[in-house]
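Inspection log for the structure reproduced underneath, given as C-alpha cells.
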Amino acid sequence: MYLTELRCSSCGRGHEPGRLHNLCEACGKPLLAGYDLAAAGAALTKSMLAQRRDAGLWRYRELLPVRDPASVVSLGEGDTPLLPAPRLGAQLGLDQLYVKDEALNPTGTFKARGMAVAVSMAKELGASALTVPSAGNAGGALAAYAARAGLPAHVFMPADSPRANVVECEQAGARVTLVAGLIDECGRQSAEHARATGGFDVSTLREPYRVEGKKTMGYELAEQFGWRLPDVIVYPTGGGTGLVGMWKAFGELAELGWIDPDRRPRMVSVQAAGCAPIVSAFHAGARVGAEVTEAATIAAGLRVPQAIGDFIMLAVLRRSGGTAVAVSDEAMLAAVRELDRLEGIFPAPEGAACVPAVRELAATGAIRPDELVVIFNTGSGLKYL
Ligand SMILES: *Cc1c(COP(=O)(O)O)cnc(C)c1O
Ligand SMILES: [Zn+2]
C-alpha cells in the first residue's frame, strides 16, 4: 500500500516495485523495500494495531508490500509468544532473559514469516511457479505457502537435510531435488531451473520480500515490550534475513517516531563453529565474509558457507554495537536439553545455539546482569528428531 521503491543495498539504484525482481540490475546485490512512512504513519496508529486481533503479521499491513488484500497467502504466521525465561536466566546470571519462540509459526519455524510475504508478492506480481534453494526449513515453508497459493514449487536441498524437511515438502506437493552439495550448490541449481522454466526464485535475499516478512519479528518485539526495545538481541544467523529484517524494522519504527532511535538493541549473531563466516569476518574487521570450505554443523539452518547479504549483516552488527559468537555442535545439543528442561521449550539447535553464546557474553561482561536480553528460538526441535 505504501511501498514506494526497491533500492539496492549496495549501489543505491532504485527499481520499479510493480514487477518481480531478484537482485540489483546494476550490481547484483540485494534489493530492499522502501515505504512512504509519513503516509503509513498517518494511516496507522499504535492503538489501531492493538485492536487488530487474529491477523498475525498482517496486522502491520500498512508497513508490508502487498497492495491487494486478496493477494495475501496466510497460514496464521506471526504473533509468536515472548516468554520470560527466569530459570535459564538465573543459570546464565541474567535478571531479564526472554525467549521469542518462533517455533509456533506454521511449518514450525520463522521461515513461515518470510515465505508468507514473498509468496503473497509473487502471486500478486504474477509468478506462475516458485523455486528455492534451502538448507531445509525454507523449503518446507515455501512448499506450504505455494500449496496455499495454488502455485507449483520446486525445492533444492542438500541430500543430508533433516528428514522432516524432505517429508514436509513432498507432502505439500512440492518437487524436491536432493543435491550432492551445500546450499550454495542448491542455489546455482535453483537459479538455473528458474531461468530454464520461467519460474521465480525466492532464494534468501535474492528477492526483496522475505526480509519484509521477517522484519515483523522486530515490530512484534517492540509491540510486546510496550514500544521499547531490549538491550540485546541474540540471533542464530545463516543467510541473514532475520538480522537484516529486524534492523530494518527498527529503522522504520524510529522513522515513524514509535521508538527511540538511540535505544536500539545491540545485535548479536550466533553461528556454528563449523560454519561461521560472519563471526570470522566480524572479528577480522572485514567488510564481507570469506567463503567457508567444508562447512559442517547439525544446525542445518546455519550451514551457509557464504551469504549474499554478508556485508549488510556485518554493518548491522557494527552499527548496533553488537558482536558475533561461534558455538560448537556439542554446546548446541547440550543447550537444547537445557532450554527444554529449564523452560519447557524444545528448540531447534539453531535457537539453542543462542544459550552458550549468551553464557559466554555474560561471563565476559559483554552483557551485564541487569540488561534486557532476548534470544530467538527460530524453530522447533521436533524438526530435528
Ligand atoms: C534458516 C534458519 C536460520 C537462519 O536464518 P536467517 O535469518 O536466514 O539467517 C536459523 N534457524 C533456523 C531454524 C532456520 O531454519
Ligand atoms: Zn546495486
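Yes/no per residue for (1) more than 16 Å from ligand 2 (Cβ to nearest atom); (2) over 19 Å from residue 151 (Cα atoms); (3) touching a residue at least 60 places away in the same chain (Cβ under 8 Å):
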| site | (1), (2), (3) |
| --- | --- |
| 185 | yes, yes, no |
| 201 | yes, no, yes |
| 220 | yes, yes, yes |
| 249 | yes, yes, no |
| 254 | yes, yes, no |
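Exactly one residue out of 268, 179 is within 25 Å of residue 151 (Cβ to Cβ) and touching a Cys at 6+ places or on another chain (Cβ under 9 Å): that is 179.
In the set (1) away from ligand 2 (no atom under 16 Å from the Cβ); (2) over 25 Å from residue 111 (Cα atoms); (3) surrounded by fewer than 18 Cβ atoms within 10 Å (Cβ to Cβ), residue 362 fails one condition alone, (3).
Within segment 74-94, the set of residues being in contact (Cβ under 8 Å) with a residue 40 or more places away in the chain, away from ligand 1 (no atom under 16 Å from the Cβ) and over 15 Å from residue 343 (Cα atoms) comprises 74, 75, 79, 93.
Residues that are open to solvent by 60 Å² or more (accessible area, probe 1.4 Å) and among the hydroxyl-bearing types (Ser, Thr, Tyr): does segment 8-26 have at least one? Taking every residue of segment 8-26 in turn, at least one turns out to be open to solvent by 60 Å² or more (accessible area, probe 1.4 Å) and among the hydroxyl-bearing types (Ser, Thr, Tyr).
Residue under question is residue 351, and the condition is that it be of a type outside the set (Ser, Thr, Tyr), assigned to a loop (DSSP other than H, G, I, E, B) and surrounded by 21 or more Cβ atoms within 10 Å (Cβ to Cβ); does it hold? Don't jump to the end; show me each part of the working.
Details: of a type outside the set (Ser, Thr, Tyr): yes; assigned to a loop (DSSP other than H, G, I, E, B): no; surrounded by 21 or more Cβ atoms within 10 Å (Cβ to Cβ): yes.
For residue 351, the condition - of a type outside the set (Ser, Thr, Tyr), assigned to a loop (DSSP other than H, G, I, E, B) and surrounded by 21 or more Cβ atoms within 10 Å (Cβ to Cβ) - is not met.
Within segment 42-60, being of a type in the set (Gly, Ala, Ser) and at pLDDT below 95 holds for 47, 50, 55. Any residue at all in segment 130-144 that is under 20 Å from residue 214 (Cα atoms) and touching an Asp or Glu at 6+ places or on another chain (Cβ under 6 Å)? For segment 130-144, residues under 20 Å from residue 214 (Cα atoms) and touching an Asp or Glu at 6+ places or on another chain (Cβ under 6 Å): present.
The set of residues from segment 95-110 being within 22 Å of residue 379 (Cβ to Cβ), away from ligand 1 (no atom under 16 Å from the Cβ) and not hydroxyl-bearing (Ser, Thr, Tyr) comprises just one member, 97.
The values are calculated or read from the model by the stated rules, or taken from the named source; none is laboratory data. Keep in mind the model is a prediction, meaning the values are calculated, not measured. Neighbour counts are summed over all protein chains in view; Cβ atoms, including those assigned to glycine, are modelled from backbone coordinates with ideal geometry. All accessible areas refer to the heavy atoms of the entire protein, side chains included, with ligands and DNA or RNA removed. Shrake-Rupley method; radii C 1.70, N 1.55, O 1.52, S 1.80 Å.
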